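Following: one structure in structure tokens, then a few remarks.
Derivation of every value follows stated rules applied to the coordinates shown; laboratory data play no part. All values reported here derive from a predicted model rather than from experimental measurement. Quick reminder, even Gly has a Cβ in these numbers, built from the backbone with ideal geometry, and neighbours come from all protein chains shown.
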Amino acid sequence: MPKAPVNGVELYYEATGEGYPLIFAHEFAGDYRSWEPQVRYFSRRYRVITYNARGYPPSDVPTDEDAYSQEQAVEDLRGLMRHLGIATAHICGLSMGGTLALNFGLTYPQMARSLIIAAAGSGSTDVEAWRDGVSERSRRMEAQGMAAMDDYSRGEARVQLLRKDPRGYREFADQFLSHSAIGSALTFRGVQGKRPPVFALEAEMRALTLPTLIMLGDEDDPCVEPSIFMKRCIPTSGLVMFPQSGHAINLEEPDLFNSSVQDFLIAVETGTWAQRES
């Protein structure tokens, strides 16, 4: 079982295929397994790296809340890349992983060839309500275990996966409920609850020159405004919106997700991805 010693913890990872590195960072409700439709597709052309963040077994689960933050997640990804001998890579993330991809690109632009930011920005438009909800759900997980989050997997931006792919939804939900309750609670509180809203990063995004693809589902309401804001701020960005789609767009519409990402990567690698003229 491959693990990388990174910043005082060991992170589980999988590397599949050969070629230029393409790293996938998972969402809060997912893990490395959530990227299986992408691994099977992109590993034919790329060295695909998936991994579990700290708090997600078989990665280590620190029990100190201070061990979890957006900044720590960025440093963990940097440490994983250094462990694997990767100087630069395409960085793709969804939801929590999408926010990680954005912040990684802002912090270490020299280590990213491009950014793919999918379904990111939850909590940016209703910060106080979001943080109250994070705090309440964290307490429930600590008191009742992952069973307390069963309703989370059936939220308004999750039912689209259930409608389109009941079998895939059941797999996603079962994997989510198998996570560490303490790791999930501390991740929710330390990373999700304390990260800055996307709107607070305007100046940094306007200075970002990395090719960036922003992706979202049109029924993922918490992410619509933040995604449009990112598009307006990042001069080298493009925006793809999936029709009648919710949050987990890589699972809901894997063919559309993969083809959109592939077209973007081809444009980046051939030097045809444009910067918007001001």
Can you name every residue in segment 113-132 that is more than 8 Å from the chain's Cα centre (by Cα), crowded, with 23+ Cβ neighbours inside 10 Å and not in a loop (DSSP other than H, G, I, E, B)?
S114, L115, I116
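Residues are listed down the side, and each one gets a yes or a no for (1) of a type in the set (V, I, T); (2) touching a strand residue (DSSP E or B) at 6+ places or on another chain (Cβ under 6 Å); (3) over 15 Å from C92 (Cα atoms); (4) assigned to a strand (DSSP E or B):
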residue	(1), (2), (3), (4)
I228	yes, no, yes, no
K231	no, yes, yes, no
L239	no, yes, no, yes
F257	no, no, no, no
T272	yes, no, yes, no
E277	no, no, yes, no
Would you check which residues across segment 64-77 are crowded, with 17+ Cβ neighbours inside 10 Å and either touching a Cys at 6+ places or on another chain (Cβ under 8 Å) or without any contact (Cβ under 8 Å) to a residue 60 or more places away in the chain (or both) and list them?
V74, L77
Consider segment 260-273. How many of its residues are of a type in the set (G, A, S) and either surrounded by 14 or more Cβ atoms within 10 Å (Cβ to Cβ) or within 24 Å of the chain's Cα centre (by Cα) (or both)?
2
Identify, please: which residue in segment 17-63 is in contact (Cβ under 8 Å) with a residue 60 or more places away in the chain and in a strand (DSSP E or B) and is, among those, nearest to R154 (Cα to Cα)?
A25
Tally up the residues in segment 47-85 that are under 19 Å from the mean Cα position of the chain (by Cα) and within 30 Å of V268 (Cα to Cα), please.
19
May I ask you to list the residues in segment 169-188 that are crowded, with 21+ Cβ neighbours inside 10 Å, part of a helix (DSSP H, G or I) and touching a helix residue (DSSP H, G or I) at 6+ places or on another chain (Cβ under 9 Å)?
Y169, F172, F176, S184, A185, L186, T187, F188
So for segment 223-237 (the condition being crowded, with 22+ Cβ neighbours inside 10 Å and under 30 Å from D60 (Cα atoms)), does at least one residue qualify?
yes
What number of residues within segment 133-163 are in contact with a helix residue (DSSP H, G or I) (Cβ under 9 Å, 6 or more places away or on another chain) and not in a helix (DSSP H, G or I)?
5
